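A short worksheet on the structure shown next.
The values are calculated or read from the model by the stated rules, or taken from the named source; none is laboratory data. Quantities reported herein were computed from a predicted structural model and do not represent experimental measurements. Accessible surface areas use protein heavy atoms only, side chains included; no ligands, DNA or RNA. Shrake-Rupley method; radii C 1.70, N 1.55, O 1.52, S 1.80 Å.
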Amino acid sequence: MKSNITMIGMPSSGKSTIGVLLAKRLGYSFVDVDIVIQEKEGRLLKEIISTEGMDGFLAVENRVNAGLDVKKSVIAPGGSVIYGAEAMEHLKEISEVVYLKMSYEEMEKRIGNVVDRGVALKDGMTLRDLYNERVPYYEKYADIVIDEEGMTPGDTVDALRDILEEKIRLEQ
């Protein structure tokens, strides 16, 4: 198995929450790529989006994710990472990619303020449009899919750990 695990999914799917819990259980580091971007750029995600536009932000996100150099880490990139071909190629090379799948209704319930979350919505795009656009990408890049329907974060981590341990066992 690859030495890292990358969590992908819609905003509010639990990439950071599940990622931190999984990292603790596995004894891994946790990397929140949104924070890495903010540190490298010296500005908040919403500031990058407002000054450079969505395309500018996506270029920064792609560059930072494509340059990640970590080992034994759970990586939580932003939900829009799937638009960056170089980023996804790199993440698939260095990690098992886990798609945290949830329904549109659940995402809408959890998401809160789209602007404060730094959600990459193009002009005129609704949250439903974003969901419908991204799901095929998440499914394309995923090595493992976890359907979170009816699960607590703890349940999700348990299910994921079971899948990962089975994968390791099969490779030995």
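Structure above, values below:
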item	result
Solvent-accessible area per residue for the range 1-47 (1.4 angstrom probe, square angstrom)	44
Convex hull volume of the range 30-119 per residue (C-alpha atoms, cubic angstrom)	101
Cα-derived Rg to Rh of the range 1-82, Kirkwood definition	0.98
Gain upon complete extension [residue 55, residue 169; 0.36 nm per residue less C-alpha separation]	36.9 nm
Karplus-derived HN-Hα couplings along the range 122-138 (A = 6.51, B = -1.76, C = 1.60, θ = phi - 60°), whole Hz, x at Gly and Pro	6, 3, x, 8, 8, 4, 4, 4, 4, 4, 5, 6, 7, 3, x, 5, 4
Relative contact order %, the chain, counting alpha carbon pairs below 8 Å whose residues are six or more apart	33
Dimensionless Rg/Rh of the range 87-172 - Kirkwood Rh, Rg from C-alpha atoms	1.02
Extension reserve of the residue 86-residue 63 stretch, reckoned as 0.36 nm per residue once the Cα distance is removed	7.5 nm
For residue 30, residues with placed amide H under 5 Å, excluding near neighbours	74
Estimated vicinal HN-Hα couplings, Hz - the range 35-51 in sequence order (Karplus 6.51, -1.76, 1.60; Gly, Pro = x)	5, 4, 4, 4, 5, 5, 8, x, 8, 6, 4, 5, 6, 4, 4, 6, 8
Cα centroid separation - the range 63-102 against the range 1-44, whole Å	9
Length released on extending from residue 105 to residue 39, taking residue separation times 0.36 nm less the Cα-Cα span	20.5 nm
Scattering profile of the chain at q = 0.11, 0.15 Å⁻¹ [log10 I(q)/I(0), Debye over alpha-carbon scatterers]	-0.43, -0.81
